[in-house]
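The structure appears below as structure tokens.
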Amino acid sequence: MPNHSNANLSSRDAAVVWHPFTQHQIEPLSIPITHGEGVYLVDADGKKYIDAISSWWVSIHGHAHPYLAQKIYEQALKLEQVIFAGFTHEPAIQLAERLLGHLPANFQKVFYSDNGSTAVEVGVKMALQFFHNQGQTQKRKIIAFEDAYHGDTFGAMSLGAPSAFNAPFQDMLFEVEFLPSPSDPEACIAAMREKMQDAETYAAFIFEPLIQGAGGMKMYAPETLDTLISLAHANKLLCIADEIMTGFGRTGKWFAMDYLQHKPDIACFSKGLTGGMLAMGITTCSNELFDTFLSDDRKKMLFHSHSFTANPMACAVSLASLDLMEKPETWENIARVQACHEAWVEKIRPHQIIQNLRVQGTILAFELEDGQENGYMHSIRDDAYQYFIKKGILMRPLGNTIYILAPYCISNDELEIIYTEIENFASGLVG
Ligand SMILES: *Cc1c(COP(=O)(O)O)cnc(C)c1O
């Protein structure tokens with residue numbers, strides 16, 4: 001009989017698999033997961049883990065959701081894949097129609113790709129070519145935030161502030177100008193005003209609306225972003241909202257941009273789009289932008305495609321995820337999770353080590369302050385990760401920033417288990 005224990009699978013894995021964001025020399029072997037159900041992941045030895053981070057922010061409805069699984073199966077039996085140049089299909093059309101129905105009215109066209117980074121790449125290419133197609137070839141520069149994260153492909157890396165993540169490639173990345181963190185609104189807005197002195201050289205401003213995810217779950221006010229967008233618009237820059245983490249209810253509304261008065265021109269989605277079931281990316285824009293790519297000259301079209309663009313199964317499961325998103329229960333869950341987070345924050349606020357408590361919708365974050373400098377390489381990270389794993393909770397701290405970003409169906413009891421273990425871990429750090 002084949003041996004499906006954790007130990008056996010982990011060592012076979014280590015012999016042949018190279019994992020993402022993993023230092024194989026010092027990190028423990030990967031834990032083999034055999035199945036998932038709701039907020040739980042189950043390993044080969046039968047141990048259950050509460051997935052407190054929605055498996056890197058994707059599983060908004062929990063794991064192995066039967067309704068979503070059924071829709072993939074049904075679509076696979078009908079049409080699993082078709083080239084998306086020269087051809088189309090009902091799930092892609094319907095998904096575009098329904099998604100646009102939930103977005104501000106200026107979004108009128110949907111471009112499909114197959115992950116978050118590619119959705120960002122497409123957004124940047126749209127913005128640059130928008131000006132190129134109109135002969136405004138001096139408009140090339142892009143503005144992003146310090147601590148931004150927009151993905152791991154070369155274009156997306158360029159948009160992230162210089163960090164350990166992209167140091168080996170820094171000299172190969174295109175130049176981007178960074179604004180100070182929007183959590184310091186005055187400095188950030190002042191820097192934007194200064195750049196707008198020679199606005200005619202800028203093409204676009206890209207941002208993660210309201211929360212900078214991988215940069216440390218840094219939250220900032222919608223008013224700050226509104227000011228930045230209005231400055232950019234007054235100076236003819238295109239604004240690109242990277243809603244890859246924030247989309248589909250995560251921040252308490254459908255999209256983080258729903259908190260804004262000034263709407264972006266381009267928006268990128270992935271992660272929760274398919275309910276976390278399959279890989280897909282979407283970049284949306286206005287008809288006005290789309291129309292600048294229309295010409296008798298083929299050189300003006302958008303030169304971008306991936307083999308799995310608008311994969312029918314990914315579209316079908318995204319439609320199914322929208323079905324769930326449109327149910328009142330989902331919004332009750334989102335509000336309930338936020339209320340639980342807020343109640344715990346009030347309770348834990350006096351704690352000497354748990355600092356900078358913050359909540360936006362279903363996301364809770366804070367820093368563990370033990371005297372070391374904040375940041376991704378903070379040594380608390382590994383201890384915290386292992387502590388929670390041992391307790392049956394998947395958390396993946398960003399340095400000393402701990403956050404909860406769970407599937408919306410997580411129960412109050414499961415949240416309590418996480419809060420209690422956070423308290424236990426933090427108390428262990430005192431003295
Ligand atoms: C995860 C993420 C990306 C990259 O998406 P991938 O699918 O991992 O390439 C881009 N932007 C933000 C804000 C993200 O959270």
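The values are calculated or read from the model by the stated rules, or taken from the named source; none is laboratory data. Since the model is a prediction, treat every value here as computed from it, not as a measurement. Reconstructed Cβ throughout: ideal geometry from the backbone, glycine too, with neighbour counts over all protein chains shown. Accessible surface is based on the protein model in full, side chains and every heavy atom, while ligands, DNA and RNA are left aside. Shrake-Rupley method; radii C 1.70, N 1.55, O 1.52, S 1.80 Å.
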Å² of accessible area per residue within the chain, as computed with a 1.4 Å probe and no ligands counted: 45
Computed Kirkwood radius, in angstrom, where 1/r is averaged over Cα pairs of segment 78-202: 17.2
Angle between the chain longest axis and helix 66-78 axis [Cα atoms, degrees, rounded to 10]: 50
Acute angle (nearest 10 degrees) that the helix 328-348 long axis makes with the longest principal axis of the chain, alpha-carbon atoms: 60
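Of all the Cα-Cα pairs you can form in segment 351-431, what percent are over 19 Å apart? Please report the intermediate quantities before stating the final value.
Values: 1023 of 3240 pairs.
The calculated P(r) of segment 351-431 puts 32 percent of pairs beyond 19 Å.
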Along the chain, longest interval not containing exposed GluC sites (Glu not before Pro), exposed being DSSP loop plus at most 13 other Cβ atoms within 10 Å: 176-325
Largest-first ordering by accessible area, 1.4 Å probe, given options His4, His304: His4, His304
Average Cα contact separation per residue, the chain, under 8 Å, 6 or more apart, as relative contact order %: 21
Student exercise, segment 189-292 dipole from Lys, Arg, Asp, Glu Cβ charges, in Debye to nearest 20: 340
Zero-based 20 Å bins, Cα pair distances in the chain, whole percents: 25, 58, 17, 0
Most to least packed among 278-284, 261-267 [average Cβ atoms within 10 Å]: 278-284, 261-267
Subset of Lys109/Lys300; Lys139/Lys218; Lys125/Lys263; Lys48/Lys390 violating a 21 Å alpha-carbon distance limit: Lys139/Lys218
Dimensionless Rg ratio for segment 167-314, taking C-alpha atoms and the 2.2 N^0.38 Å reference: 1.15
Segment 366-431 versus segment 197-261: alpha-carbon centroid distance in Å: 28
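Give me the percent of accessible area attributable to carbon and sulfur for segment 150-276, probe 1.4 angstrom.
Numbers: 2370 of 4400 Å².
Looking at segment 150-276 in its full context, I get 54 percent from C and S.
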Dipole-positive endmost among Ala144, Ala190, Gln81 within the chain (Cβ charges, Cα centre): Gln81
Value of Rg/Rh across segment 256-313 [Cα atoms, Kirkwood radius]: 1.04
Share of carbon and sulfur in the accessible heavy-atom surface of segment 19-90 [1.4 Å probe, %]: 59
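For segment 311-404, divide the Cα radius of gyration by the Kirkwood radius and give the resulting Rg/Rh value with two decimals. Before the final figure, lay out each step's value.
Details: Rg = 17.1 Å, Rh = 15.5 Å.
So for segment 311-404, dividing Rg by the Kirkwood Rh gives 1.10.
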0 to 90° range, to nearest 10: angle between helix 222-234 axis and the chain longest Cα axis: 20
Dipole of the chain, positive direction: furthest Cα of Tyr403, Gln108, Cys340, with charges on the beta-carbon: Gln108
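Taking all protein chains as present, what is the carbon and sulfur share of the accessible area of segment 293-431, in % to the nearest whole number, probe 1.4 Å? Display every interim value, and only then the final one.
On the way: 3250 of 6350 Å².
Of the solvent-accessible surface of segment 293-431, carbon and sulfur hold 51 percent.
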